[in-house]
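The values are calculated or read from the model by the stated rules, or taken from the named source; none is laboratory data. Worth saying up front: this structure is predicted, and the values here are computed from it rather than measured. Cβ coordinates were reconstructed from backbone atoms using ideal geometry, including for glycine residues, and neighbour counts include every protein chain displayed.
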Amino acid sequence: MIELLDIAVLSMMVVSAVAVLWLRNLFAVVMLSGAYSLLAATLYVLLDAVDVAFTEAAVGAGIATVLMLGTLTMVPRQEKETRRGSLGGLLVVAATGALLVYGTLDMPEFGDPDAPIHRHVVPRYMQDSPAEVGLPNVVTSVLASYRGYDTLGETTVIFTAAIGVMALLGWGRRRKP
Amino acid sequence: MTPPVLMLLALLLPLVAVGPILMARRNPNLREAVSLAAAAVLFAVVLGLFGPVAAGERPELVLVEMLPGLSLALKLEPLGMLFALVASALWPVTTLYAVGYMRGHHEKNQTRFYAFFAVAIAAAMGIAMAGNMLTLFVFYEVLTICTFPLVTHAGTAEAKKAGRVYLGILIGTSVVFQLLAIVWTWAAAGTLDFVPGGILAGKVSDGAVAVLFALYVFGVGKAAVMPFHRWLPAAMVAPTPVSALLHAVAVVKAGVFTVLKVTVYVFGLDLLAATGGGTWLVWVAGFTIIAASVVALTKDNLKARLAYSTISQLSYVVLGAALLAPVSVLGAAVHIAAHAVGKITLFFAAGAVMVASHKTEVSQLAGIGRRMPWTMGAFAVGALSMIGLPPTAGFVSKWYVLSGAVETGQMLAVAVVVASTLLNAGYFLPIVYSAFFGREVHDGHHHDHGEAPWPSVAALTLTAAATVALFLMPDWAIGLAGDLVGR
Amino acid sequence: MEVPGLFNYWMAVVLMMAGLYAVIARGNLVKKIVGLGVFQISVFVLYITMGKVKGGTAPILGDGITVYSNPLPHVLILTAIVVGVATTALGLALVVRIRESFGTIEEDELQAIEEGEA
Amino acid sequence: MREKPILRVGTKLLIPFILLFALYVQFHGDFGPGGGFQAGVIFAAAFILYALVFGMANARAALPAGLRRQIMALGVLLYAGVGVVGMLAGGNFLDYSVLSDTPTTGQHIGIFLVELGVGMNVFAAMATIFFVFASRDPSAKEDG
Amino acid sequence: MTLHDHLPALAVVVPLMAAPVIVALRRPTAAWAVAVAVSWACLAISGQLLQSVLANGPFSYLLGGWAAPWGIEYRVDPVDAFVLVIVSAIAAVVSLYAKTSVAKEIDPDRQYLFYAMYVLCLCGLLGMAITGDAFNVFVFLEISSLSTYVLVALGRDRRALTAAFRYLVLGTVGATFYVIGIGLAYMMTGTLNMADMAERLPAVAHTSTVRAALAFLVVGIGLKMAAFPLHLWLPNAYAHAPSVATAFLAGTATKVSVYVLLRIVLGVFGGTGLLTALPLMELLMAMALAGMFVGSAVAIWQPDLKRALAYSSVAQIGYILLGIAFLSETGLAAAIVHLFNHAIMKTALFLALGAIVFRLGSARIEDIAGIGRRMPLTMAAVLVAGLSLIGVPLTVGFVSKWYLVEAAIGAGLWPVAVAILLSSLLAVAYVWRIVEAAWFAKPSDKALAATEAPTALIVPTWAMAGAAVWFGVDATGTMGVARAAAAALLKGVAP
């Protein structure tokens, strides 16, 4: 059942990604990208990443979509036909994709409990975090404590983006007569 | 004062003089007095070093460790002493000459001229006293760059173009060939010190010796070995004092000095002789001597003719080195001094003619000897020295080079020297002859004139006298050069 | 039904390439930003996929559960999502400014205008 | 939107619940999914909704720019400040165990505080980004 | 624990905390004062770190007190201590310069945001340099990148906006490639700690996944460091950013990316044997040589000097990459010392150009005609730093060139040695074009109206130009550090 859902969600994601590429109405593109986010969130739930799913839904599908819609009120809604041949782009993408597929060949199988990432580092989080940190949600333990420094950085990134947007758009027109 | 302190002084004195020269920019008399004083003191300082060095002392001084294991260091040996003496002795004379010339010619930016001139002298001192190849290279490049504003002094489009050629060839050869050779030497020998007998013996293969030697010779663009000679005629757009001191003495002699120094102290005569790594150079130098003389013959512009003569004469030094016989190397060393005094006299004379009569072409000089007897008399002395006739200095050095060629049985070199002597005579003697015995041409533009301003005339008389004096009293130079090759 | 062992990874690769293609080949700046988003989310899918353990549950410790999926990729991707939205916000702010200054958000037209100014 | 009383009343009723939910997410993140980041976004969403329904002017009055900026700055400072306090208490930077007598209590305090910092920062940052975008005059043209 | 033990954390946390303080303060002068204080504090901290790492060897700092590889570890060794010093020294000098220049180029009510971005960028760069955790690099990379995009976009010309946008797109693609690469490596090793990863990678080095990881990491970092042909974002970004931002970024941003390349490729993947098994070094060498020639050649024809120098940066990054590609101690030392040397001379040049823009409002070649007499001090700094770019002796550029050539000779790669020297001749062409215009051309109208730049701009400019001479005359100190760093990096590289 889970596997079927997994395939279904991933297939829908492919469809929406291709549609994003295909469509020229930016409003539709933005809505589709929101849908793409939501589908990703669904997939994350299937893959046991509830925290990530929650965030993806709130941020990717929520905030990002709102911002894009806000942008669309200020820019044309229709993408123009591009003249540029995209053969170069196609080559780059094909090469990158081929490299990635090559990279997958020696990967541990999906869900394999003996994969290196499940055998190293993480076991301590699962076994010792109740005693060391004392929280049931291991994601929170790792996020806020073991790797709390990453999260400080992440907070700083958001801070940077916010004041960056202020620097770029803040008061721009509104203040001037 | 101990010799190392004197060496430091010789290096810093011209640099220190730049400050007062710049500060006195609104007062030309003071500015030129400072220049003259600095030049005179520098000569005294270098003279103070002569005694110890002639007595066999080799003063050393480490300035700063530039790269790990590689220092900027000074070490004075006979060849350097010879070069330093020549350059420092001619600086005051040239300054004297410049005072007359620059004022007489109403040149602009004279302060810049005197300032960079002083820097160039400091660089020449650095080259003369360099204790290792890195130090030599550093001052070599400094000399290239600080003479650029002197070459382009006029600021005209022609001067700018000449400046590009000058910089392009000198920087290009030194960076691509010389620097490569130096780093290669460093990688192979683990040292860049100048050691009698060389540092490369047993460190590189025979074939590599030849390649490396070629990199050095062509890397020293200042030696103007063909095909890297084009910068020298180009540099003639500079004011005449620059042509005289820098492009007849300091810069070009720095070039042949470097070639000699590398031959003797980096490779060693024995290594080059044993590996045959220097044989090709006899041909190249010989070709340069002849070809440049032929070109000189075709030039009507006096300074251009002198420039090609310089190219030819420089290769005597290179030839002397390439023959690898101690006596020819000795001759090469002496030729540095001999050609210096002779050629500077010629340039002084050419500049004096230009200032007094505004004539620049050989064909205009008929009869000028009667209006400017001192100038053209000195010119005659210089010309004799170029040809290598007694009683002038050129005879001495040429004699030794020729002896080396005979001694080593290199008939090609003998032929070159003989042929070039004839060519030299061919392009100098007619000038002298027509100056004194030709009929003056009146083309309406040139007004009556006499000699150039007195400082200029005094200067060229001095150098002409020196040319003769060096013939009469060559012992000090031969002594130093003899120490160089251990004879 | 059994999903082939590398199926999820391959799908993630396909998604990534779609996003990357939009970034490289599309001239509309909004489309580029959307494409960047798609590209990044697809990378997140790769990470989350590798964190999955067969038969596991979400890494929230509870009684009687023994197999959990790996929380570390989740943590990393939480950070990455935030970074992604920060980038999107900045990119969109730039798009707005570009539209106001140049009157267009098509790469070709922008290039033409800029070449005129160079 | 002035003519849509139902929307306005509905929104007014909804917003407290959204804020409450945000607080729940903020403080329940230790036990279930959620945490400062998600809470901050939801908190911001409440204001975004308010702004959309009642207009930018009202929203700006409710949450002035200066206040947003201070909250945003304070959030980052709170997070980093916890780290510095850990340093002063004899641990390494961001070592929460030294914040209290027992390490786990210290961890609880530390995580609570840094999550609060994240929540404040994300809320204010998201609201700011939205407000700045929404305040932009769509017809504005800059001339360079 | 004493304050001294916390220095690694403080190096990053101090600028990080300064940013919200600046935003809270808002007043331009106060914001500037904080930025200056923070930059100099970071320099003091970095200097201390370098000193103790040279005296006592590498040490680590465990963030949150969690042991590696479970927590995030800061690892200080000669390489990153040196990079920290470079970045913070540039930041410190540029910060002094900033007040006057920013006051002229940035809206008063955005100045505090500019300074906030400045310290955030510094924080990100320092964080990348000091951390020992591969994912943490990404987080700080993004802090520095996002702030950089904004700094660039604040330029006065509207083309700054498109430059920033393109930089954002390519930078994000680069960062995402990095994340993919780290993800693949993580997948095969189960760890994110660099030292731990380096230990565990050799066992799985034969897998396609690890090879793909290496490829993605190299391309991703290559984009961030603007290695040819991945440099497309750089020229416009440098040309149109505010003067202060250009000077700061040119001296630091690409340098830190190079450091990350060294750390990841040599430090983490060094033990796998892949560096020699794959034609990676040959590829880097080809990129380096192409960059050296194309960058310099394009620079010759640029009418705008900021763009010309930006292309020169592409060439100079080629030199650094070349040094790495030799995979020898001398080569690496040359690359590392050139990080420092290029940072100094490029910052000096961009600061001087900033002073010119301050007076002329432009740095186009036709506008600077005859400026040499009007702004002698500024142009003298340009000359000194320009000579260094050429690699004239007694400047830092010569030191780098010397060791690069020595490394090429040591590797027996004669054509490469010649190529290094030939490409430096191209630098003569673009530097001399400036010299001729400034001193030997008829003054432009703009130049005639100009006067020497204010002291507040001259002093920092000359601090950098002076450093370019100082460390060129006595390079024993910098080379000593570079050699120690190179030896440390090569220790983990499998033969």
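Observations on the model:
- Filtered by the rule that a residue be assigned to a helix (DSSP H, G or I) and farther than 14 Å from B:ALA238 by Cβ, the range B:349-360 gives B:ALA349, B:ALA352, B:VAL353, B:VAL355, B:ALA356, B:SER357.
Let's see how each residue does on (1) assigned to a helix (DSSP H, G or I); (2) crowded, with 23+ Cβ neighbours inside 10 Å; (3) under 12 Å from the mean Cα position of the chain (by Cα); (4) charged (D, E, K, R):
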| position | (1), (2), (3), (4) |
| --- | --- |
| C:TRP10 | yes, no, no, no |
| C:VAL14 | yes, no, no, no |
| C:ILE24 | yes, no, no, no |
| C:LYS32 | yes, yes, yes, yes |
| C:PHE39 | yes, yes, yes, no |
| C:GLY55 | no, no, no, no |
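- The single condition among (1) hydroxyl-bearing (Ser, Thr, Tyr); (2) farther than 22 Å from B:GLY404 by Cα; (3) modelled with pLDDT of 85 or more that B:THR310 does not satisfy is (2).
- Within the range E:467-495, being touching a residue at least 12 places away in the same chain (Cβ under 8 Å) and more than 30 Å from E:GLY270 (Cβ to Cβ) holds for E:ALA467, E:ALA468, E:VAL469, E:GLY472, E:VAL473.
- Here A:TYR125 meets each of (1) surrounded by fewer than 23 Cβ atoms within 10 Å (Cβ to Cβ); (2) within 7 Å of another protein chain (Cβ to nearest Cβ); (3) in contact with a Pro (Cβ under 8 Å, 6 or more places away or on another chain) with one exception, condition (1).
- Selected residue [surrounded by 21 or more Cβ atoms within 10 Å (Cβ to Cβ) and in a helix (DSSP H, G or I)] from D:VAL53, D:VAL25: D:VAL25
- Sole residue being modelled with pLDDT of 90 or more and hydrophobic (A, V, I, L, M, F, W, C), chosen from A:VAL52, A:VAL59, A:VAL75: A:VAL52
- 2 or more residues within 22 Å of B:CYS146 (Cβ to Cβ) and among the small types (Gly, Ala, Ser): qualifying helices (runs of 4 or more DSSP H) within the range E:414-495: E:414-440, E:455-473
- Verdict on D:PHE93 being crowded, with 21+ Cβ neighbours inside 10 Å, modelled with pLDDT of 90 or more and outside any helix (DSSP H, G or I): yes
- Only one entry in A:GLU56, A:GLU81 is at the interface with another protein chain (Cβ under 8 Å from one of its Cβ atoms) and of a type in the set (Asp, Glu), namely A:GLU56.
- Total residues in the range A:128-144, condition within 11 Å of chain E (Cβ to nearest Cβ) and not hydrophobic (A, V, I, L, M, F, W, C): 4
- Verdict on C:GLY5 being more than 17 Å from E:VAL173 (Cα to Cα), within 7 Å of chain A (Cβ to nearest Cβ) and either touching a Phe, Trp or Tyr at 6+ places or on another chain (Cβ under 7 Å) or among the charged types (D, E, K, R) (or both): yes
- When the criteria are applied in full, D:MET126 meets the requirement of being away from chain E (no Cβ under 13 Å), modelled with pLDDT of 90 or more and part of a helix (DSSP H, G or I).
- Looking across B:TRP280, B:TRP184, one residue alone is over 21 Å from the mean Cα position of the chain (by Cα), assigned to a helix (DSSP H, G or I) and closer than 25 Å to B:THR421 by Cβ. It is B:TRP280.
- Among the criteria (1) over 20 Å from E:TYR61 (Cβ atoms); (2) surrounded by 24 or more Cβ atoms within 10 Å (Cβ to Cβ), the one A:ASP150 does not fulfil is (1).
- Residue in the range A:99-111 that is away from chain E (no Cβ under 13 Å), free of Cβ contacts under 8 Å to residues at least 12 places away in the same chain and in a helix (DSSP H, G or I) present: no
- Hey, B:THR135 in contact with a strand residue (DSSP E or B) (Cβ under 9 Å, 6 or more places away or on another chain), β-branched (Val, Ile, Thr) and under 21 Å from B:LEU13 (Cα atoms) or not: yes
- For the range E:8-31, a residue qualifies if it is more than 10 Å from chain D (Cβ to nearest Cβ) and surrounded by fewer than 23 Cβ atoms within 10 Å (Cβ to Cβ), and the qualifying residues are E:ARG27, E:PRO28, E:THR29, E:ALA30.
- Pair list, Cβ under 6 Å, 6 or more apart: the range C:12-32 residue facing chain A (nearest Cβ under 7 Å) and free of Cβ contacts under 8 Å to residues at least 40 places away in the same chain, other residue polar (S, T, N, Q) and surrounded by fewer than 24 Cβ atoms within 10 Å (Cβ to Cβ): C:ALA25/A:SER86
- Among residues of the range C:97-118 being at the interface with chain A (Cβ under 7 Å from one of its Cβ atoms) and under 21 Å from E:VAL173 (Cα atoms), the one that is farthest from the chain's Cα centre (by Cα) is C:ASP108.
- Only one of the numbered conditions (1) within 11 Å of chain E (Cβ to nearest Cβ); (2) out of contact with any Leu (no Cβ under 6 Å at 6 or more places or on another chain); (3) part of a helix (DSSP H, G or I) is not met by B:GLY155, and that is (3).
- Residue pairs meeting the criteria (Cβ under 8 Å; at least 6 apart or on separate chains; first among the hydroxyl-bearing types (Ser, Thr, Tyr), in the range D:58-69; second in a helix (DSSP H, G or I)): none
- Scanning the range B:168-196 for residues that are farther than 25 Å from B:LEU67 by Cβ and either hydrophobic (A, V, I, L, M, F, W, C) or away from every other protein chain (no Cβ under 13 Å) (or both) returns a single hit, B:ILE169.
- A:ILE63 at the interface with chain E (Cβ under 10 Å from one of its Cβ atoms) and assigned to a helix (DSSP H, G or I): no
- Flag for A:GLY34 being more than 9 Å from chain C (Cβ to nearest Cβ), within 24 Å of D:GLN38 (Cβ to Cβ) and either in a helix (DSSP H, G or I) or of a type in the set (Lys, Arg) (or both): yes
- Number of residues in the range E:3-22 that are over 13 Å from A:PHE159 (Cβ atoms) and in contact with a Ser or Thr (Cβ under 9 Å, 6 or more places away or on another chain) equals 5.
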